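These notes are about the structure you will find just below.
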Amino acid sequence: MKITKASVNISAPGRNFVTLKVETDEGIYGLGDGTLNGRELAVASYLTDHVIPCIVGRDPFQIEDIWQYLYRGSYWRRGPVTMAAIGAVDVALWDIKGKALNTPVYNLLGGKSREGLLVYAHANGTDVDHALEDVAKHKELGYKAIRVQSGIPGLAGTYGVAKTPGRYEPAERGLPQECEWATEPYLRHVPKLFARVREAFGEELHLLHDCHHRLTPMEAARLGKELEPFHLFWIEDPTPAELQEGFRTIRDHTTTPIAVGEVLNSIWDAHDLIRNQWIDYIRMTAVHAGGITHLKKVADFASLYHVRTGCHGATDLSPVCMAAALHLGTAIHNFGIQEHMPHTDETDTVFPHQYFFQDGLMYPGEGPGLGVDLDEKLAAKYPYQRAYLPVNRKLDGTLTDW
Ligand code: KDG
Ligand code: MG
């Protein structure tokens, strides 16, 4: 089999997505997600201008060799743009191989370690009462694990919390929004939020919380310690992860489990976090971490250190990436949990897929390959629109870490 053509689809059914389609001389094609929220066109150019000319003519079955060729061959290794582009190619090749061998991708990765994958939903509210209502709604939908975020008293808005009740989308169209941030009211508020959630819903429900990289290690240690009575499944991104050893301080002070990795791109970004057992869950996902090939290596390395996976699954990871995460999560031994932030109806219609949610778990489907398609005609009706994640400033005007 030979790759004959590859093309990049940029469209915005509900939000922006970059999708790579790799075609072969046997009529089989594969899809890969290359979406990098707020920097989509950089990945599209990397693919179109630099990667596609190098893969046409190659045998799509040689996934490991093509991965190494793109990673080592570029000279400029790692980074989100490079790794998202390599990830898009890699996922498309796994999809091709599954279709060619008429088997779901999880079978190529070792077969089923489990039937369904535990997923967590997002519940949020402008205040605690509204957050509790949203938790109740998601519990009713069958979720067994729920991330809870709420507005902070005294702050105009909080990232991760919808301005009006219901879903929120991380990126907004136009130029970046500026939001305000203050750590002290946040640290005082979050333990009160979780006390109310436990009081209302009991001990059974798994509870998670995302700190969005905003705390210093010692502030995160305080938060983790004060949340201990509420037995969280994890606190996520407590502090920025460029300085991996920052996590040692948090680890030394709290038994609240720690998750990190949605902005990490390679095993080297998490090497110290994992081998020192400073974290419990690694959140990298296929699109931003070089595809299924590299993510499986990260997961296997993590398994040596009692670290489990908790792949990022926000709306900016396309259905193609969700399918990749579900196939990998089905196969690996150390799967932990999968984030599930449902896409809009427009997204779901443009990307028909076999995976589904039932009773708190997700299933990848049993069709060949990844089980996701792209309706290119429909996608053409949703042209790309520039959109960014917000930036946050402390009350004195200083930009936060994120
Ligand atoms: O692109 C960034 C978003 O996906 C991210 O900010 C959402 O933190 C997030 C999460 O945990 O889903
Ligand atoms: Mg997050």
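The values are calculated or read from the model by the stated rules, or taken from the named source; none is laboratory data. None of these values were measured; they are calculated from a predicted model. Please note: Cβ atoms are built from the backbone with ideal geometry, for glycine as well, and neighbour counts cover all protein chains shown. Ligands, DNA and RNA are excluded from the accessible area calculation, which covers all protein heavy atoms including side chains. Shrake-Rupley method; radii C 1.70, N 1.55, O 1.52, S 1.80 Å.
Within the range 10-30, count every residue that is in contact (Cβ under 8 Å) with a residue 60 or more places away in the chain, over 18 Å from HIS343 (Cα atoms) and in contact with a strand residue (DSSP E or B) (Cβ under 8 Å, 6 or more places away or on another chain).
6
For the range 46-65, name all the residues that are touching a strand residue (DSSP E or B) at 6+ places or on another chain (Cβ under 9 Å) and hydrophobic (A, V, I, L, M, F, W, C).
Within the range 46-65, LEU47, VAL51, ILE52, ILE55, VAL56 meet the criteria.
List the strands (runs of 3 or more DSSP E) inside the range 135-246, counting only whole elements, that have at least 3 residues being within 26 Å of GLY116 (Cβ to Cβ).
Passing ranges, in order: 145-150, 206-210, 234-236.
Hand me the list of strands (runs of 3 or more DSSP E) wholly inside the range 293-402 holding 1 or more residues that are within 16 Å of ligand 1 (Cβ to nearest atom), open to solvent by 20 Å² or more (accessible area, probe 1.4 Å) and touching a strand residue (DSSP E or B) at 6+ places or on another chain (Cβ under 8 Å).
In the range 293-402, the matching strands (runs of 3 or more DSSP E) lie at 391-394.
Residues of the range 98-109 being under 24 Å from the mean Cα position of the chain (by Cα), under 13 Å from PRO60 (Cα atoms) and surrounded by fewer than 22 Cβ atoms within 10 Å (Cβ to Cβ), which ones?
none
Scanning for something within 20 Å of the chain's Cα centre (by Cα), open to solvent by 20 Å² or more (accessible area, probe 1.4 Å) and among the basic types (Lys, Arg), does the range 139-146 turn up at least one residue?
Within the range 139-146, one or more residues are within 20 Å of the chain's Cα centre (by Cα), open to solvent by 20 Å² or more (accessible area, probe 1.4 Å) and among the basic types (Lys, Arg).
Only residues that are buried (at least 23 other Cβ atoms within 10 Å of the Cβ), away from ligand 2 (no atom under 14 Å from the Cβ) and either small (Gly, Ala, Ser) or not in a loop (DSSP other than H, G, I, E, B) (or both): list them for the range 248-265, please.
ILE250
Hey, among GLU199, GLU262, GLU245, GLU228, which residue is out of contact with any Lys or Arg (no Cβ under 7 Å at 6 or more places or on another chain) and closer than 30 Å to ARG78 by Cα?
Residue meeting the stated conditions: GLU245.
Do we find a residue being under 20 Å from LEU207 (Cα atoms), within 16 Å of ligand 1 (Cβ to nearest atom) and at pLDDT 90 or above anywhere in the range 150-168?
Scanning the range 150-168, I find at least one residue that is under 20 Å from LEU207 (Cα atoms), within 16 Å of ligand 1 (Cβ to nearest atom) and at pLDDT 90 or above, so the answer is yes.
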